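A single structure is presented below for examination.
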Amino acid sequence: MTGTQDWVVSSARQPLRGELDIPGDKSVSHRAVMLAALADGVSRIDGFLEGEDTRATAAIFSRLGVRIETPSASRRIVHGVGVDGLQAPDGVLDCGNAGTGMRLLAGLLAAQTFDSVLVGDESLSRRPMRRVTGPLARMGARIDTAEGGLPPLRIHGNPGLRGIDFAAEVASAQVKSAVLLAGLYAQGETIVREPHPTRDYTERMLRAFGVDIAFSPGLARLRGGQRLRATDIRVPADFSSAAFFLVAASIVPGSRLRLRAVGLNPRRTGLLLALRAMGADIVEENRSEHGGEPVADLVVRHAPLHGIQVPEQIVPDMIDEFPALFVAAACAEGTTVVSGAAELRVKESDRLASMSAGLRTLGIPVDETADGATLQGGRLGGGFVQSHGDHRIAMAFSVAAQVATGEVGIADVANVATSFPGYDRLAGGAGFGTFSRS
Ligand code: S3P
């Protein structure tokens, strides 16, 4: 993050139109660098997200002795060092804003022959790490945290980890992935059981790198001691970034947008189900696959929305999309109820609190509960809202501004660059009003 920065976002009072290329998937980009670094041989990554989060992960692997070339934007050539080839870093490793970076690296670094320290920015330094240090400790890992299980993580490398059979309490792909990455190094078998299936990119990608791993929704198991074979990865466009345009085009009258080749992993697309249940008009065209991941163009047209009760079983499949969903709900006719979403309180900000407060400022009645909220759709006014340095909150309110009766000021937006560099330019090109900076 490059200092505090605010936006004042207006609407151009025109339909949103065009064909957009959304940047690469954040989850896939993090994992592609990690696994390519651990592989034997050279891997090429195409469509790599040039966001601050994923660049921080790449920079960490450079510090761990991995040569990573950037032949052009969104491309990386990673000279893998093998599972046993990482080198001790010469100082602390900075994950920036990235929970995925820190939690996955915790699993990987716990199994090394050297010690390391993971630090993060202000927001990441408030996020819970016991969910990973707990199961890793059962494998024999030694990780010291700050008070309350918070970062920084001081990792005392232990190459003698043991596999575990772990039944996770929270549905978290980051926790599952941290345990599986440690399991790659552990003696015997590591099994992860989830209370609800989460995104399976780590499992799919480990298999693409030649690892023998068995997985089905909610369950993954692998044996330690395996090597990875370099492979090329094509990163699909990030559904979570596309989500803002799906909602924007749905709520701005007369809009029609085509979002090209968006990743549609079923563990990511809960928002499509929710928006369609609300009456959204979103069609999938040109279906294909990018490196084993389903992708399609999403063509979204304006449609009147109505409130729904969001089914709790799809919450994990849309866990990053609630800021966008809240804006859709604010513009829908009637009431929308969200429940079973307490995890939103420990994201880059407390997203239930951030969205509820901001929407109230813009005139929407919101009843916040411990694990969700009840929203009454209505007319959005202008106002000044806090993003709490959370990229997705900032982008969500810029979407709300497109139908608000006045300008929307959004505080602390610099972190949009963590996941969606160039968001304001792309949005402006699609017909959003101005994003003035202050
Ligand atoms: C991610 C998993 C999710 C998600 C995050 C990315 C991943 O977090 O919210 O943006 O890449 O594994 P949790 O594992 O905390 O649910």
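Values quoted throughout were computed directly from the atomic coordinates according to the rules given, and no laboratory measurement underlies them. What you see is a predicted model; the values in this text were computed from it and never measured. For neighbour counting, all protein chains shown are included, and Cβ atoms are generated from backbone atoms with ideal geometry for every residue, glycine included.
Above 42 Å lies some portion of the pair distances; for the chain, what is it as a whole percent of all C-alpha pairs?
Value for the chain (Cα pairs over 42 Å): 12 percent.
Would you please give the residues with an amide H less than 5 Å from that of Ala39, counting only those at least 5 places away or on a separate chain, with H modeled from the backbone geometry?
Excluding prolines and chain starts, which carry no amide H, the hits are Val81, Gly82.
What does the convex hull of the Cα atoms of region 1-146 come to per residue, in Å³, rounded to a whole number?
On the way: hull volume 21.9 nm³, N = 146.
For region 1-146, the hull spanned by Cα atoms encloses 150 Å³ per residue.
If amide H atoms are built 1.01 Å from N in the plane of the peptide, which residues on other chains or at least 5 residues away come under 5 Å of the amide H of Gln226?
Hits under the 5 Å cutoff: none.
From the C-alpha gyration tensor of region 257-375, pull out the three semi-axes of the equivalent ellipsoid (sqrt of 5λ each), sorted largest to smallest, in whole Å. All intermediate terms of the calculation are to be shown ahead of the outcome.
Working: eigenvalues 135, 57, 27 Å².
Equivalent ellipsoid semi-axes, largest first: 26, 17, 12 Å.
Name the long-range amide H neighbours of Thr369: under 5 Å, sequence gap of 5 or more, or other chain; modelled H, no Pro or chain starts.
It is Thr374, by chain and number.
Next up: Could you work out how much longer the chain between Phe384 and Arg287 gets when fully extended? Use 0.36 nm per residue separation minus the Cα distance between them, nm to one decimal.
30.9 nm
Cα axis of helix 322-331 to longest principal axis of the chain: angle in degrees, 0 to 90, nearest 10?
10
Could you sort the peptides 400-413, 31-44 by per-residue average Cβ neighbour count (10 Å cutoff), highest mean leading?
Per-residue mean Cβ counts within 10 Å order the peptides as 31-44, 400-413.
What angle do you read, to the nearest 10 degrees and between 0 and 90, between the alpha-carbon axis of helix 52-63 and the longest principal axis of the chain?
Helix 52-63 and the main axis of the chain meet at about 10 degrees.
Starting from 0.36 nm per residue, how many nanometres of slack lie between Ser216 and Glu169 once their C-alpha separation is accounted for?
Full extension from Ser216 to Glu169 adds 15.1 nm.
Quick one: net charge of Gly148's neighbours, Cβ under 14 Å, K/R +1, D/E -1? Provide the component values of the computation, followed by the final result.
Numbers: positive: Arg126, Arg127, Arg130, Arg131; negative: Asp144, Glu147.
Net charge around Gly148: +2.
One quarter of the convex hull surface, Cα atoms only: what value does that give for region 204-287 in nm²? Don't skip to the answer; put the middle values down first.
Values: hull surface 28.9 nm².
Projected over every direction and averaged, the Cα hull of region 204-287 covers 7.2 nm².
Taking region 319-374, which trypsin sites (Lys or Arg not before Pro) meet the DSSP loop condition and have no more than 10 other C-beta atoms within 10 Å?
Here no trypsin sites (Lys or Arg not before Pro) fit, given the DSSP loop and packing criteria.
How are the Cα pair distances of region 75-175 distributed, in percent, across 10 Å bins from 0?
15, 47, 31, 6
Rounded to a whole number, what is D in µm²/s for region 298-368 from Stokes-Einstein with the Kirkwood radius over alpha-carbon pairs (4 °C, 1.567 mPa s)?
The estimated diffusion coefficient comes to 101 µm²/s.
Which ³J(HN,Hα) values in Hz, rounded to whole numbers, follow from the phi angles of region 214-227 under the Karplus curve 6.51 cos²θ - 1.76 cosθ + 1.60, where θ = phi - 60° and Gly and Pro get x?
With the stated coefficients, region 214-227 comes to 9, 8, 8, x, x, 8, 9, 8, 8, 9, x, x, 8, 9 Hz.
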